[in-house]
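In what follows, a structure is listed as structure tokens, so that the remarks can point back to it.
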Amino acid sequence: MQTVEQDYEKYVGQVAEPPRVARYAVNDAMIRNWVEAHDDFNPIYVDAEAARETGRDSVVCPPAMISTWIMAGYRRWRDVQRKRAEGVVEDFAYSRMLADLDREGFTSVVATNVEQDYHRELVPGDHITAHYTIESVSEVKRTGLGDGRFFTLYKRYEDQNGEVVAEERFRMLRFNPNTDKETR
């Protein structure tokens, strides 16, 4: 009989989902909204002259903003939740893996950490696409939140020319919130 851990190995190395293409090009307005929301006062993000004084051609995008360009939006999130409630599994590895985790009782999620490597600064006009791969899935772990599995998504962000601009490893824990509290 195959173990559950062997079943999850089939996901490792698979393309997680179709590439996510940014709905909008990198732009001054979104950068300004981001820095204001984060109380970031670095002038190279909003002041072209200040950016030029540092040797840049113009303003640049805050590096931590990389994932915001490819976010699908609330409408897609609601669609995914509706499909999940109906038991619909989309035809890509990440959706199938999440359905397996649901069946195993690991229905809650928490992001645990993210590692990002930036290859170059984004500038207004760049158009970002992210490619996702399932990098790892752990065996069942006992955590303070409940029993669960950690998994890592590797994300490769490319610009409109296919140049890699950033890489990311995003780790999450899918866990069973009903794990017996005495055994945690």
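The heavy atoms of S67 offer some 30 square angstrom of accessible surface to a 1.4 angstrom probe. Largest GNM mean-square fluctuation among Y157, Y94, Y118, using the chain with Cα springs under 10 Å: Y118.
A dipole drawn for the chain from +1 and -1 charges on Cβ atoms has a positive end, and of P19, Y74, L153 the residue lying farthest that way is Y74.
Of the GluC sites (Glu not before Pro) found in region 78-131, those that fall in a DSSP loop while having at most 12 other beta-carbon atoms within 10 Å are E86. Structure remark: mean-square fluctuation, Gaussian network model of the chain, C-alpha springs under 10 Å; the largest value among R23, R75, R142 belongs to R75. Taking all protein chains together, K10, K155, K83 sort by accessible area into K10, K83, K155, largest first [probe 1.4 Å].
Of the whole protein surface, L122 contributes about 10 Å² of accessible area at a 1.4 Å probe radius.
Note: relative contact order over the chain, using C-alpha pairs below 8 Å and six or more positions apart, is 27 percent.
Placing unit charges on the Cβ atoms of the charged side chains and taking the dipole of region 61-102 about its Cα centre, the candidate lying farthest along the positive direction among P63, G87, L98 is P63. M30 contributes an accessible area of around 90 Å² to the protein surface, as traced by a 1.4 Å probe with all chains present.
Full extension of the chain between A48 and A99 gives 13.7 nm of extra length, using 0.36 nm per residue less the Cα-Cα distance.
Close amide H partners of D126, meaning residues 5 or more places away or on another chain with modelled amide H under 5 Å apart, are V26. Shown here for region 20-65: chymotrypsin sites (Phe, Trp or Tyr not before Pro) in loop regions (DSSP other than H, G, I, E, B) with at most 15 other Cβ atoms within 10 Å, namely Y24, F41. How large, in percent, is the carbon and sulfur part of the accessible surface of the chain at a probe radius of 1.4 Å? The value for the chain is 51 percent carbon and sulfur by accessible area.
For the options T107, T54, T152, a Gaussian network treatment of the chain with springs between C-alpha atoms closer than 10 Å singles out T54 as fluctuating the most. The distance from the alpha carbon centre of region 121-164 to that of region 43-88 is 14 Å, rounded to a whole number.
The values are calculated or read from the model by the stated rules, or taken from the named source; none is laboratory data. Keep in mind that what you see is a predicted model, and the values were worked out from it rather than measured. Methodologically, a virtual Cβ is constructed for each residue, glycine included, from the backbone with ideal geometry; neighbour enumeration extends over all protein chains shown. These accessible areas exclude ligands, DNA and RNA; they are computed on the full protein's heavy atoms, side chains included. Shrake-Rupley method; radii C 1.70, N 1.55, O 1.52, S 1.80 Å.
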